[in-house]
Structure formats: structure tokens, C-alpha cells
Amino acid sequence: MSGRVLITGASSGIGRQLALDYRCAGWQVWGCGRDEGRLQALADAGITPLQFDARDSAAMARVAAGLPVLDLVILNAGNCEYMDVAEGFDGALFARVIETNLIATGHALAAFLPRLAPGSRLAIVSSSVSWLPLPRAEAYGASKAGLDYLADTLRLDLATRGIGVSLIRPGFVSTPLTAKNDFPMPCLVTVEEASRAIMSGLAAGRHQIHFPRRFIWLLRLFGALPTGLWLRLGRTLTSKGSPS
Ligand SMILES: NC(=O)c1ccc[n+]([C@@H]2O[C@H](COP(=O)([O-])OP(=O)(O)OC[C@H]3O[C@@H](n4cnc5c(N)ncnc54)[C@H](OP(=O)(O)O)[C@@H]3O)[C@@H](O)[C@H]2O)c1
């Protein structure tokens, strides 16, 4: 199957690999980002680059107005900043992360949903972090939990328009975003593995796509524990840990 796909956050990491792999599979690909050099590299690979800051709703609306009808939109752009609450709750950091990961997704929906026709699919990239409260993830985890609810609600409301919605929740993937992490990342996968899991899940029309399986089962298991038990166990297991 091939068609027309728009991917946000396509200039790096998971989004970049998805853009290359969809192009390779014969799709017409629009790849979004901010970094000019990395967008040029996408263009060299046959991907149409779209440059805008995802927090700028007007810029996104302008870009969307020039697009044809799409078969797939993958809202993947995002950032992660950890908070050291022991030094005080950083309200500015919280606002930054929520704005990039959650509010900007709202702007993207306003701009790009009108480009999706019946039979098409919307995918939102959240994270496995929302299965389990993890240290220093107050801002990142809250933004991704918001995306989970957003995707689950949109699935109900867009079904009447014949648009499918997939929620993507990766574990740790080796990208520039996780390269900054100063803690062990269990079950880390490559961007190629992540892209394969996402593309096959989307092709199968899955509502939920999460990987790698072993890591997700662990998170689910810990997530099902009583809060008091996770509080004790979590402190030991993640004494320097943080989320994906
Ligand atoms: N890597 C993981 O382990 C992991 C795990 C779970 C979920 N995720 C999620 O997967 C998504 C991609 O992550 P990644 O690891 O591939 O990160 P990455 O390599 O840092 O790529 C992030 C992408 O988002 C774009 N972006 C960030 N802020 C933007 C903004 N304000 N406006 C426009 N574009 C913006 C970046 O574009 P520019 O660089 O051009 O600005 C870049 O293309 C994120 O939503 C992340 O939360 C990642």
C-alpha cells in the first residue's frame, strides 16, 4: 500500500526514519521540522520539506492550506525535559514541554485534520511513560498522558468521519532525544526497529501501537501494583532513572 503521508518532527530521530521508510515504500511524503539543514537532507531524499515551528498555529495553517488530501498524518514532533522537583517545581519548564508536546498537537490537528478524508488515518506519537509514574517526568509524562486521552477521544469522534486514530507509545528508542539521558535505558531499540513497528501497526489499522513488547509488559506489570508498593519499589529501581 502507498499513498500520501505527512509527518511532523521528520527532521530527526523516529520521524526522520519514518519519512525515509515511507518514501522507500513508494509513498509521497511531506516531512516537517524547523532545522533547515536537516530538512534539506530530507529534500535530497525525495521528501517534501515543510518548515515551521509546531507552536506557531498560523504558520501551520498556512502550510496546510497548500496541501492535497492526505492518507496518513503522523503527529510525532516532541521534546523531553526532565525536572528536578527537589530544587523546586520549574513552572517555565512545565509550560515549555506541555506547549511543544500537547498544545502544538492541538494546533496541528486544527491545521491538518481537514486534509484527511474518509478511509484515512491519524497517528499521534505519545510515549510508554504514561503507563507508569517515573521520576523527573512531571512535565513530559503529563504531556504524553494528555496525548493518550486526546487520541482516545478523537478515535470516538472521528469514527463517524471514517478516519482511524492510532496512538503510538514507544519505549526507549536511540535518537538525539535519548542521547542526552544519563541513566540506563532498558530494552533500547534502533530507529529502524521503531519505524518498522510503527509502519506495520499503522498498515494493520491498529488503535494502539507499543513496543518493544518485553519493556511494555514490564511497565504494565509495575503500573498494576498498588501505589504504596510502586513508591517503595520505584524508588529503588529508578534511583537515577527516568522515562522514555
Ligand atoms: N526516543 C525515544 O525513546 C522516545 C520514546 C517515546 C516517545 N518518543 C517520542 O517520539 C517523538 C520523536 O522523538 P525522537 O526521539 O525522534 O526525538 P528527536 O530526534 O529529538 O526529534 C524530535 C523532532 O521533533 C521536532 N520538533 C521538536 N520541537 C519542535 C517544534 N517546536 N516545532 C517543530 N518541530 C519540533 C524536531 O524538529 P527540529 O529538530 O527540526 O526542530 C525533530 O524533528 C517525540 O514526540 C518523543 O516524545 C520518543
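Tabulated data for the structure shown
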{"read-out": "Residues A179 and D44, FRET efficiency given R0 of 22 Å [Cβ-Cβ distance, rounded to 0.05]", "value": "0.40"}
{"read-out": "In segment 76-107, the chymotrypsin sites (Phe, Trp or Tyr not before Pro) that fall in loop regions by DSSP, at most 16 other Cβ within 10 Å", "value": "F89"}
{"read-out": "Residue order, fewest to most beta carbons within 10 Å, for S200, S127", "value": "S200, S127"}
{"read-out": "Rounded FRET efficiency, nearest 0.05, which uses the C-beta distance separating D56 from E36 and R0 of 22 Å", "value": "0.90"}
{"read-out": "Distribution of pairwise C-alpha distances over segment 4-240, 10 Å bins, in %", "value": "7, 32, 38, 18, 5, 0"}
{"read-out": "3J(HN,Hα) from dihedral phi, segment 166-171, Karplus parametrisation 6.51/-1.76/1.60, rounded to Hz, x for glycine, proline", "value": "10, 9, 10, 10, x, x"}
{"read-out": "Footprinting exposure proxy for M60, M185, M83 (fewest neighbouring C-beta atoms within 10 Å first)", "value": "M185, M83, M60"}
{"read-out": "Principal-axis tilt of helix 191-203 within the chain, Cα atoms, nearest 10 degrees", "value": "60"}
{"read-out": "Between segment 157-176 and segment 1-63, the alpha-carbon center distance in angstrom", "value": "17"}
{"read-out": "Efficiency of FRET between A204 and L93 - r from beta-carbon atoms, R0 22 angstrom, step 0.05", "value": "0.05"}
{"read-out": "Sorted largest first, extent of segment 60-170 alpha carbons per principal axis (Å)", "value": "49, 29, 19"}
{"read-out": "GNM top mover of V73, V173, V63 - the chain, alpha-carbon springs below 10 Å", "value": "V63"}
{"read-out": "0 to 90° range, to nearest 10: angle between helix 138-158 axis and the chain longest Cα axis", "value": "50"}
{"read-out": "Mean separation of Cα contacts under 8 Å, 6 or more apart, over the residue count of the chain: relative contact order %", "value": "18"}
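Every number in this text was worked out from the coordinates using simple rules, so none of it is lab data. Since this is a predicted model, take the numbers as computed values, not measurements. In this analysis, Cβ positions are derived from the backbone assuming ideal geometry, glycine residues included, and neighbour counts consider all displayed protein chains.
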